[in-house]
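Written below as structure tokens is the structure these notes are about.
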């Protein structure tokens, strides 16, 4: 696959709260961030495509808006949605989702959930994902020990750590030591079935753009996992109170902390291989 597509590993789109598709909660960001808005933001800075993750905070397990966005922009987005592992039909639910064109993954909301890896629903979910060869994206900050058990227990399922596996702020300032759990995350690199999203990393910086203080800890991640298992992403629009979309892109595109080949792998090449997906048209 072509490696020089620029692909964002995590963005969210949502419409304004309305009776036909009411919000279930709150997500940091503007009153709406539609698919059209996301495509416009990507186009302005030369991002070719993105993985569109249905926002759990607003829509729970309902991915109908993400599907609507994809119908309007079929060349731009791969689709990921969260799954309810308490559902008695979890396996059938995932297989049905995986049959939809441009679906590239499933998501497990593990952080602070109390979910244990021995649960039947997780076994069914991971088995189905392995059968249809789509990655399970795991939001696991604050519950890294549970993720470790999953990685060991399900070696045949491709797992992707969301957001570096670290707690990330929604508003400034970032935590005093935002990379305090990085040692635990690096341990996961020993599992061949684990990749990692370098998404939302700029929100962990204590410095203004271009966020130079994130590179030393990120280099530890790159060294452990290798760039072929690392995927840049902005986590837009969750990061809107801390930086602009352009800054989230340019901080990685312009840095001299990585080589051009490493940048190509980080900003699209690894994602194309791990998810077996890329945009149909170049920006």
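Quick one: residue 216 ticks every box in (1) free of Cβ contacts under 8 Å to residues at least 24 places away in the same chain; (2) farther than 29 Å from residue 171 by Cβ except a single one, so which number is it? Against the list (1) free of Cβ contacts under 8 Å to residues at least 24 places away in the same chain; (2) farther than 29 Å from residue 171 by Cβ, residue 216 comes up short only on (2).
Yes/no per residue for (1) touching a strand residue (DSSP E or B) at 6+ places or on another chain (Cβ under 6 Å); (2) touching a residue at least 24 places away in the same chain (Cβ under 8 Å):
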| position | (1), (2) |
| --- | --- |
| 231 | yes, yes |
| 237 | yes, yes |
| 245 | yes, yes |
| 250 | no, yes |
| 253 | no, yes |
| 256 | no, no |
| 263 | no, no |
| 271 | yes, yes |
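Quick check on my filter: what residues within the range 58-81 are crowded, with 16+ Cβ neighbours inside 10 Å and either in contact with a helix residue (DSSP H, G or I) (Cβ under 7 Å, 6 or more places away or on another chain) or at pLDDT below 95 (or both)?
59, 65, 69, 73, 76, 77, 79, 81
Of the numbered conditions (1) surrounded by 23 or more Cβ atoms within 10 Å (Cβ to Cβ); (2) free of Cβ contacts under 8 Å to residues at least 60 places away in the same chain; (3) in contact with a helix residue (DSSP H, G or I) (Cβ under 7 Å, 6 or more places away or on another chain); (4) under 22 Å from residue 53 (Cα atoms), residue 203 fails exactly one; give the number of that condition. Residue 203 satisfies every listed condition except (3).
Please pick out the residue among 47, 85 that is part of a loop (DSSP other than H, G, I, E, B), in contact with a strand residue (DSSP E or B) (Cβ under 8 Å, 6 or more places away or on another chain), surrounded by 13 or more Cβ atoms within 10 Å (Cβ to Cβ) and modelled with pLDDT under 95. Full working, then the answer.
Details: 47 fails: modelled with pLDDT under 95.
Within the list 47, 85, the selection yields 85.
The condition of being on the phi > 0 side of the Ramachandran plot, within 18 Å of the chain's Cα centre (by Cα) and modelled with pLDDT under 95 holds for only one of 165, 142, 200, that being 142.
Within the range 110-129, the set of residues being under 20 Å from residue 57 (Cα atoms) and either modelled with pLDDT of 95 or more or surrounded by fewer than 20 Cβ atoms within 10 Å (Cβ to Cβ) (or both) comprises 111, 112, 113, 114, 115. Each residue in the range 1-44 was checked for being surrounded by fewer than 23 Cβ atoms within 10 Å (Cβ to Cβ), part of a strand (DSSP E or B) and in contact with a helix residue (DSSP H, G or I) (Cβ under 7 Å, 6 or more places away or on another chain), and 1 pass.
The values are calculated or read from the model by the stated rules, or taken from the named source; none is laboratory data. Keep in mind that what you see is a predicted model, and the values were worked out from it rather than measured. Because the Cβ atoms are built from the backbone with ideal geometry, glycine has one as well, and the counts that use them run over all protein chains shown.
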